[in-house]
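Engineer: There's a structure below that I have some questions on.
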Amino acid sequence: MYAMIRIEVDMFDDNIFDDMSFMKLLLEEENVVVLPGCAFGLEQSASSLRYAFRVVFCAPESILREAANRISSFCLRHRC
């Protein structure tokens, strides 16, 4: 039902510098809600998921496709 998605912050512009900034901008610009990895203690770990966000897959397929398209557009818009 859940997946943690790693965020490579070096691949984005200066507006995205951690999982919280990613989450806030995604919500503001695309109206998509994800949970930042820091909510699960990932920010303090040495894990390869240092910056990540969690997505939930229990919504209808059409909504998941729309959210995926919005996340993709957001990432393309903010890439370096």
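The values are calculated or read from the model by the stated rules, or taken from the named source; none is laboratory data. These figures come from a predicted structure and were not determined experimentally. Note: ideal-geometry Cβ built from the backbone for every residue, glycine included; neighbour counts use all protein chains shown. The protein model used for the area step is the full one, side chains on, heavy atoms only, and it has no ligands, DNA or RNA in it. Shrake-Rupley method; radii C 1.70, N 1.55, O 1.52, S 1.80 Å.
Engineer: With a 1.4 Å probe and every protein chain left in place, work out the accessible area per residue of the chain in Å², rounded to a whole number. Present the calculation step by step, with values, prior to reporting the outcome.
Structural biologist: Values: 5300 Å² over 80 residues.
That works out to 66 Å² for each residue.
Engineer: Can I ask one more? Calculate what fraction, in whole %, of the accessible area of the chain sits on carbon and sulfur atoms when a 1.4 Å probe is rolled over the protein chains. Write out the running numbers ahead of the final one.
Structural biologist: On the way: 2880 of 5300 Å².
Carbon and sulfur: 54 percent of the exposed surface of the chain.
Engineer: With a cap of 14 neighbouring Cβ atoms within 10 Å, and only residues DSSP puts in a loop, list the GluC sites (Glu not before Pro) found in region 1-63. Mind dumping the intermediate values first?
Structural biologist: Working: sites: Glu8, Glu28, Glu29, Glu30, Glu43, Glu61; in loops: Glu8.
Answer by residue number: Glu8.
Engineer: If you don't mind, another one. Please get the size of the charge dipole for the chain, origin at its Cα centre, with Cβ charges of +1 on Lys and Arg and -1 on Asp and Glu, quoted in debye to the nearest 20. Kindly include the intermediate steps, with their values, before the conclusion.
Structural biologist: Values: 8 positive and 12 negative charges, 46 e Å.
With Lys and Arg at +1 and Asp and Glu at -1, about 220 debye.
Engineer: Of (1) 1.17; (2) 1.04; (3) 0.95, which one was derived for Rg/Rh (Cα atoms, Kirkwood Rh) from the structure shown?
Structural biologist: Label of the calculated value: (3).
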